[in-house]
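Heads up: the structure comes next, in structure tokens.
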Amino acid sequence: MSVPEVVVHRDGDLLAAATAARLLTALVDAQAARGTASLVLTGGRTGIAVLEQVRSSPARDAVDWSRVDLWWGDERFLPSGHPERNETQAREALLDHVPAARAHVVEPSDGRFGDDPEAAAAAYAEELGSAPEFDVCLLGVGEEGHVASVFPDSPAVRERDLAVVAVRDCPKPPPTRVSLTLPTIRASREVWLMTTGAAKAAAVATGLGGAPEADLPAAGAVGRSRTLWLLDTAAAAKLP
Ligand SMILES: O=C1O[C@H](COP(=O)(O)O)[C@@H](O)[C@H](O)[C@H]1O
């Protein structure tokens with residue numbers, strides 16, 4: 001597993017633009033090396049801002065989007081097309097504007113399994129297969145240190161066997177979600193944790209300070225080859 005590296009940008013806008021540029025290069029490199037690229041998307045403000053920056057980048061078409069597999073680190077378990085679904089926001093920000101990316105979505109709450117997030121999680125795990133190895137896994141970081149929908153001191157953060165779990169009674173709305181687990185996230189070549197703002201500074205400092213993942217799940221989000229914490233100055237303010 002990799003040792004975390006920290007990159008600090010002046011503000012959130014610059015972070016989103018620089019991360020979009022970094023992401024486009026990573027996807028082009030993955031396609032050059034392996035023919036396809038696989039990317040885990042995140043919801044949240046920074047994650048969606050990065051996708052908007054990818055959309056408006058002149059380098060966007062350097063990626064063959066028909067050979068990109070897109071997954072979600074977590075999904076808010078809501079009806080199809082709901083504005084709070086991470087999928088809906090990612091489609092509006094980028095996916096509706098690039099040709100034929102292979103989007104692997106979590107079933108919505110009005111989908112094949114109805115209002116059964118455990119069944120939706122099991123189906124997503126089956127779609128992932130037995131040995132997913134994502135090129136890049138994008139993650140936001142919550143104020144209490146959650147990543148994807150893995151929250152501190154929760155059944156999800158202790159999960160070791162399942163690749164994908166249903167999350168109920170989530171402290172952040174909506175209360176029901178589907179999430180990759182930390183072992184699945186750690187199967188990624190590169191994990192990029194992206195966050196901005198003073199409200200995230202304590203979580204960033206605690207996560208990089210070696211907190212146990214049960215207390216601060218972001219601390220357990222580590223890539224095989226690389227772990228990048230991409231921050232603005234406010235989120236980095238409590239780092240030594
Ligand atoms: O609800 C969620 O929140 C986190 C963090 O969002 P942010 O707006 O504070 O950056 C996000 O990573 C996750 O995917 C999403 O479902």
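The values are calculated or read from the model by the stated rules, or taken from the named source; none is laboratory data. Not measured: the values here are computed from a predicted model. Here Cβ is always computed from backbone atoms with ideal geometry, including for glycine, and neighbour counts include all displayed protein chains. The area values use the complete protein model at the heavy-atom level, side chains included, leaving out ligands, DNA and RNA. Shrake-Rupley method; radii C 1.70, N 1.55, O 1.52, S 1.80 Å.
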*Would you mind telling me the antiparallel percentage of the DSSP bridges in the chain, rounded to 5?*
25
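Return the equivalent ellipsoid semi-axes of the range 137-187 as a descending list in whole Å, where each equals the square root of 5 times an eigenvalue of the C-alpha gyration tensor. Each step should come with its number before you reach the end.
Values: eigenvalues 50, 33, 18 Å².
In descending order, the three semi-axes are 16, 13, 9 Å.
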*asked:* Placing +1 on the Cβ of each Lys and Arg and -1 on the Cβ of each Asp and Glu in the range 1-155, which of G35, S80, A125 has its Cα farthest towards the positive end of the resulting dipole?
replied: G35
*What is the packing order of peptides 73-80, 61-68, 216-223, taking the mean over residues of other C-beta atoms within 10 Å and listing the highest first?*
216-223, 73-80, 61-68
*Under a point spin-label approximation (7 Å from Cα along Cα-to-Cβ), what is the E92-S80 distance to one decimal in nm?*
1.9
_Based on Cα coordinates alone, diagonalise the gyration tensor for the chain, multiply each eigenvalue by 5, take square roots, and list the semi-axes in whole Å, largest first._
23, 23, 17
_What's the magnitude of the charge dipole for the chain around its Cα centre, counting Lys and Arg as +1 and Asp and Glu as -1 at the beta-carbon? Answer in Debye, nearest 20._
560
*Spread of Cα-to-Cα distances over 10 Å intervals beginning at zero, given as percent, for the range 47-155*: 13, 41, 37, 9, 0
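By DSSP, what percent of the beta bridges with both residues in the range 124-215 are antiparallel, rounded to the nearest 5?
So the antiparallel bridges amount to about 50 percent of the total.
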*Give the percent of DSSP beta bridges with both residues in the range 162-240 that are antiparallel, rounded to the nearest 5.*
40
*Of the peptides 127-136, 140-149, how do they stack up when ordered by the mean number of other Cβ atoms within 10 Å, highest first?*
140-149, 127-136
*For the range 82-162, what's the relative contact order in percent, using C-alpha pairs closer than 8 Å and at least 6 residues apart?*
12
*Skip the ligands, DNA and RNA, and give the accessible area per residue of the chain with a 1.4 Å probe, whole Å².*
42
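Remind me, relative contact order of the chain in percent, using alpha carbon pairs under 8 angstrom and six or more residues apart? Walk me through the numbers on the way to the answer.
Values: 539 pairs, mean separation 60.1, N = 240.
The value is 25 percent.
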*asked:* Full-extension gain between V3 and V28, please, as 0.36 nm times their residue separation minus the C-alpha to C-alpha distance.
replied: 6.6 nm
*Where does the range 199-240 land on Rg(C-alpha)/(2.2 N^0.38 Å)?*
1.12
*Run the dipole for the range 120-175 about the Cα centre, Lys and Arg Cβ at +1, Asp and Glu Cβ at -1, nothing else charged, and hand back the magnitude in debye, nearest 20.*
160
*Overall dimensions of the range 93-228 by Cα: Rg and Dmax, Å*: 15.0, 42
*Which value at 222 nm does the chain reach when only helices count, each DSSP H run of 4 or more adding -39,500 (n - 2.57), with the total divided by all residues and rounded to the nearest 500 deg cm²/dmol?*
-8500 deg cm²/dmol
*Over the alpha-carbon set of the range 1-99, work out the extent along each principal axis and list the three values in angstrom, largest first.*
36, 33, 32
